[in-house]
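First comes the structure, then the notes that go with it.
The values are calculated or read from the model by the stated rules, or taken from the named source; none is laboratory data. Being a predicted model, the structure only gives us computed values, none of them experimental. Please note: Cβ atoms are built from the backbone with ideal geometry, for glycine as well, and neighbour counts cover all protein chains shown. Please note that ligands, DNA and RNA were not included when accessible areas were found on the heavy atoms of the full protein model with its side chains. Shrake-Rupley method; radii C 1.70, N 1.55, O 1.52, S 1.80 Å.
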Amino acid sequence: MNTNRREFIKKSVLAGMATSISASSYAKIIGSNDRVRVGCVGFSDRHRSSHVASFKALQKEMNFEMVAVSDIWNKRRTEGQAYLQKELGSKVTAYNNNDELYASKSVDAVMISTADFQHALHTIEAVQAGCDVYAEKPLAETMEDNRAVLKAVKDSGKIVQIGSQRRSGANYHAAADYIKSGKFGDIKMVELMWNVNQPGRWRRPELVANLKESDVDWKRFLMNRPYEEFDPRKYLEYRLFWPYSSGIPGQWMSHQIDTVHWFSGLAHPRSVVANGGIYQWQDGRSNADTLTVVFDYGPLDDMSKGFQVQFTSRFSNSAGGTKELYYSNGGMINLDTNEISSEGGLEQRHASAMGMKANLLTPSKIKGQRVETSANTGGDNLTLNHVKNWMECVRSRKTPNAPIEAGYQHSIATMMSNAAYRTGLKVTFDEKTQQVLAGGVPFKY
């Protein structure tokens with residue numbers, strides 16, 4: 001799509017108004033015995049390794065069938081068609097782009113795993129074409145896109161599951177229930193970590209060397225981002241380059257910060273500061289390879305209540321791996337080991353001196369599998385559960401585990417982080433205008 005940003009959003013909003021939910025749309029709800037026809041939008045590594053494995057395990061039980069693939073790169077389009085037909089056993093039609101796909105009227109739902117900045121725009125296209133959606137995270141990388149996709153989805157009445165698969169994990173549900181029950185006490189601090197040491201992470205040097213502009217629809221790739229000359233690195237290694245991706249915040253932090261919103265019931269941070277840089281991989285990237293973000297969360301009308309969240313990530317050393325640690329005054333929840341413990345909690349000998357009662361947590365084990373954090377999970381249990389929940393909701397029309405609001409909220413947090421890193425300023429969020437503010441001014445890319 002070669003329209004500029006304002007034209008794209010204007011057209012999207014107008015189309016959303018024209019396709020707002022009506023009585024007739026309910027007549028199109030898929031029956032329990034009808035086969036759901038699904039299209040793949042963007043035959044990515046994530047889709048190949050994780051979505052397909054989950055879809056294959058569920059397609060017969062849920063009566064879903066993969067019938068189409070849309071990709072603007074001829075190589076991935078051809079590979080995708082062949083791979084999906086071989087793995088899933090159904091006839092798959094290849095389309096050059098999403099306009100062709102939706103014009104064919106051949107799909108009821110789509111699975112979207114395109115470039116980070118495209119998720120929101122591709123979701124808008126899909127729901128306005130009458131399709132339910134499974135969309136990978138991050139949902140959006142700018143607030144303009146974020147507001148537009150939220151409106152489009154709400155107007156359409158379509159089922160949209162955001163690919164935040166922790167929301168389909170038994171251990172995360174158990175932790176959420178425990179915190180919301182009051183047994184944990186108030187959250188006082190959250191420590192999040194995601195460290196790797198993989199030089200090839202997000203790099204595709206062999207593919208970059210062989211990709212020609214004639215192989216892809218470059219202008220359609222750019223969508224509403226500013227026009228620039230064809231660059232195979234930005235097409236294939238988009239996670240390294242802003243404004244095509246925020247990198248660490250959108251790719252990794254979006255998963256972990258989503259649980260903060262879920263567990264606390266808060267929609268976004270009150271403020272964010274960040275620091276980091278490109279310390280290890282001097283390869284022309286513009287996104288940080290090392291980043292620390294500090295958040296203040298709490299009610300907007302009572303600054304005396306709240307908690308801090310610290311997120312750290314580095315690409316130069318994997319020590320520490322991934323961590324999700326929630327602290328109260330009585331102990332901690334470790335979602336790396338699935339344990340609730342009294343570690344660090346207030347003991348009676350200290351409480352008595354202050355005329356208080358100890359509030360140590362009772363140690364226990366949270367049921368559920370540990371989350372898989374590798375690049376391509378191969379149909380891990382959480383992704384399987386998440387895809388199944390989406391399929392069930394496509395049929396029942398119930399709200400999925402990770403609805404559009406969850407994506408909207410994690411995107412605010414990741415954008416605030418990106419703005420803080422890029423400006424060096426303290427970042428806040430304007431509730432009235434729904435804008436990310438860096439130093440009191442709306443952040444622009």
Subject >> region 171-226 - residue that is among the basic types (Lys, Arg) and in contact (Cβ under 8 Å) with a residue 40 or more places away in the chain and, of those, farthest from ASN381 (Cα to Cα) >> reply: LYS219
Original post:
Of (1) surrounded by fewer than 15 Cβ atoms within 10 Å (Cβ to Cβ); (2) in contact (Cβ under 8 Å) with a residue 40 or more places away in the chain, HIS47 satisfies all except one. Which?
Top reply: (1)
Subject >> Per-region count, region 395-433, residues of a type outside the set (D, E, K, R) and part of a strand (DSSP E or B) >> reply: 3
**OP:** Select from region 295-313 the residues that are within 26 Å of PRO243 (Cα to Cα) and in contact with a helix residue (DSSP H, G or I) (Cβ under 9 Å, 6 or more places away or on another chain) and list them in ascending order.
**Re:** PHE295, VAL309, PHE311, SER313
Subject >> Boolean, LEU360 is over 17 Å from ASN418 (Cβ atoms) and part of a loop (DSSP other than H, G, I, E, B) >> reply: yes
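Conditions tested, residue by residue: (1) part of a strand (DSSP E or B); (2) of a type outside the set (Lys, Arg); (3) out of contact with any Pro (no Cβ under 8 Å at 6 or more places or on another chain); (4) surrounded by fewer than 23 Cβ atoms within 10 Å (Cβ to Cβ).
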| residue | (1), (2), (3), (4) |
| --- | --- |
| MET111 | yes, yes, yes, no |
| VAL127 | no, yes, yes, no |
| GLU141 | no, yes, no, no |
| ARG147 | no, no, yes, yes |
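Yes/no per residue for (1) touching a Lys or Arg at 6+ places or on another chain (Cβ under 7 Å); (2) open to solvent by 10 Å² or more (accessible area, probe 1.4 Å); (3) at pLDDT 95 or above; (4) more than 21 Å from SER113 (Cβ to Cβ):
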site: ARG370; (1), (2), (3), (4): no, yes, no, yes
site: THR373; (1), (2), (3), (4): no, yes, no, no
site: THR377; (1), (2), (3), (4): no, yes, no, no
site: LEU384; (1), (2), (3), (4): no, yes, yes, no
site: ASN389; (1), (2), (3), (4): no, yes, yes, no
site: GLU392; (1), (2), (3), (4): no, yes, yes, no
site: LYS398; (1), (2), (3), (4): no, yes, yes, yes
site: GLN409; (1), (2), (3), (4): no, yes, yes, no
site: ARG422; (1), (2), (3), (4): no, yes, yes, yes
Original post:
Of the residues SER54, SER90, which is in a loop (DSSP other than H, G, I, E, B), out of contact with any Phe, Trp or Tyr (no Cβ under 6 Å at 6 or more places or on another chain) and open to solvent by less than 30 Å² (accessible area, probe 1.4 Å)?
Top reply: SER90
Subject >> Residue pairs meeting the criteria (Cβ under 7 Å; at least 6 apart or on separate chains; first touching a residue at least 40 places away in the same chain (Cβ under 8 Å), in region 72-94; second buried (at least 16 other Cβ atoms within 10 Å of the Cβ) and among the aromatic types (Phe, Trp, Tyr)) >> reply: ILE72/PHE221; GLY80/PHE43
**OP:** Go through (1) crowded, with 20+ Cβ neighbours inside 10 Å; (2) in contact with an Asp or Glu (Cβ under 6 Å, 6 or more places away or on another chain); (3) farther than 18 Å from CYS131 by Cβ one by one and return the number of the condition ASN74 breaks.
**Re:** (1)
**OP:** Go through region 245-281 and count every residue that is part of a loop (DSSP other than H, G, I, E, B) and crowded, with 21+ Cβ neighbours inside 10 Å.
**Re:** 5
Subject >> Selection count, region 93-109, where residues are outside any helix (DSSP H, G or I), open to solvent by less than 30 Å² (accessible area, probe 1.4 Å), among the aliphatic types (A, V, I, L, M) and farther than 30 Å from MET415 by Cα >> reply: 1
